[in-house]
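The values are calculated or read from the model by the stated rules, or taken from the named source; none is laboratory data. Given the structure is predicted, the values throughout are model-derived calculations rather than measurements. Because the Cβ atoms are built from the backbone with ideal geometry, glycine has one as well, and the counts that use them run over all protein chains shown. In case anyone asks, the SASA skips ligands and DNA or RNA and just uses the protein heavy atoms, side chains included. Shrake-Rupley method; radii C 1.70, N 1.55, O 1.52, S 1.80 Å.
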Amino acid sequence: MSTYYGTYGQKVQYLSSDPSPVQNGQVWYNSTSGTLKYNAVTTVGAWSSGGNMGTARYSGASFGTNTAALVAAGSGAPTASEKYNGTAWTATPSVNTGVTSTGGFGSSTAGIKAGGNDPTGFTAATESWNNTTWTSVNSLNNARRETEGTAASSPQTAGLLFGGYQPPGTPSAFTESWNGTSWTSVNTLGTGRYSPGGAGIQTAALCFGGANPVATPIANTESWNGTSWTSVNSLNSAKRNVASAGLQTDALCMGGNGPPNAATTTLETWNGTSWTVSPTSMSTARWSGQGAGSSTAALIAGGATPSAIATTEIYTGPGASVTRTVTVS
């Protein structure tokens, strides 16, 4: 039988903590955690566990990166706001008015949260985050919930919010553009929907999945050029309540509800032309999770299974260096 020493001419390192920096191809035994670990370049992408949120929730606003993200409001925690530093979540000041099923965009230090359901019903209320406090600002022109924003890459002063569920209970095609001060209604989606995924920036966005009619998942994808929406290639599977990350040309669709209304672990990747089902899936099936990051470095936090959960999973795209663990008993 061949051995690691016989093959590579050196012994596995025995360390009390993980080395830093880690080299590609490095193998070591962590005596503190009792795990054998190795580092390699992934060819298909990989998921790993991140820190749990302080409060389980789903359908909250989320923005930022996989090492600097913010999640605010949502079912299970309508007023709570938390920030992620790549390892752990920390509570931040609460939003002014508790909401569920809300959307947003921005970074962990400067974001926008808009729409949703407050104690009185559908709301158009908008709040701005400056890394210290939430401030009420000008409202949306159209009250609605279960909207989607233009992911982490949109700055606080220039974002897009689209789709949703509008009174009295109709999938919405509304699109509104934010200029840092107020919302402007712009050209509507070709297909109204609620609980879609979204990626991109104010002038180049992507909207995918969602539901229309009520509770019926769709696979339709539309691309925004700054003026109007155009239908492009659909998701491989119809789904709603998805989490998303990335740009118009390079996006992720994570989890969601697929027929017959079951939570999924599926990841689909967008290359600017078409969607591909990734061979790697999340560990936990979930819908209405909070997504953030890019197509090669993303996270999904919380969601529902159907009960609200607090777990976080980190996605590392193909070509990245990742550390894998083998438990040693």
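A few comments on the model shown:
- Leu189 vs. criteria in a loop (DSSP other than H, G, I, E, B), open to solvent by less than 30 Å² (accessible area, probe 1.4 Å) and either basic (Lys, Arg) or closer than 18 Å to Cys207 by Cα (or both): yes
- Qualifying residue in the range 112-119 (condition: open to solvent by 30 Å² or more (accessible area, probe 1.4 Å), of a type in the set (A, V, I, L, M, F, W, C) and either in contact (Cβ under 8 Å) with a residue 60 or more places away in the chain or outside any loop (DSSP other than H, G, I, E, B) (or both)): no
For every residue, the table says whether it meets (1) surrounded by fewer than 24 Cβ atoms within 10 Å (Cβ to Cβ); (2) out of contact with any Ser or Thr (no Cβ under 9 Å at 6 or more places or on another chain).
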{"residue": "Ala46", "(1), (2)": "yes, no"}
{"residue": "Asn52", "(1), (2)": "yes, no"}
{"residue": "Thr55", "(1), (2)": "yes, yes"}
{"residue": "Gly60", "(1), (2)": "no, no"}
{"residue": "Ala68", "(1), (2)": "yes, no"}
{"residue": "Ser75", "(1), (2)": "yes, no"}
{"residue": "Thr79", "(1), (2)": "yes, no"}
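- Selected residue (only one of Leu36, Leu70 is modelled with pLDDT of 95 or more and either touching a Gly at 6+ places or on another chain (Cβ under 7 Å) or assigned to a strand (DSSP E or B) (or both)): Leu70
- For Ser274, the stated conditions do not hold, so it cannot be described as touching a Pro at 6+ places or on another chain (Cβ under 9 Å), modelled with pLDDT of 95 or more and over 22 Å from Ser101 (Cβ atoms).
- Filtered residues of the range 243-269 (kept if open to solvent by 10 Å² or more (accessible area, probe 1.4 Å), assigned to a strand (DSSP E or B) and more than 21 Å from Ala215 (Cβ to Cβ)): Leu247, Asp250, Thr269
- Top-ranked residue of the range 7-29 - restricted to ones that are modelled with pLDDT under 80 and of a type in the set (Val, Ile, Thr), ranked as surrounded by the fewest Cβ atoms within 10 Å (Cβ to Cβ): Thr7
- Flag for Ala308 being in contact (Cβ under 8 Å) with a residue 40 or more places away in the chain, open to solvent by less than 10 Å² (accessible area, probe 1.4 Å) and either over 17 Å from Gly197 (Cβ atoms) or of a type in the set (A, V, I, L, M, F, W, C) (or both): no
- Considering the conditions (1) in a loop (DSSP other than H, G, I, E, B); (2) of a type in the set (A, V, I, L, M, F, W, C); (3) in contact with a strand residue (DSSP E or B) (Cβ under 9 Å, 6 or more places away or on another chain); (4) under 19 Å from Glu313 (Cα atoms), Val44 is excluded by exactly one of them, (3).
- Test: residue in the range 144-162 that is surrounded by fewer than 24 Cβ atoms within 10 Å (Cβ to Cβ), modelled with pLDDT of 95 or more and closer than 22 Å to Leu206 by Cβ: no
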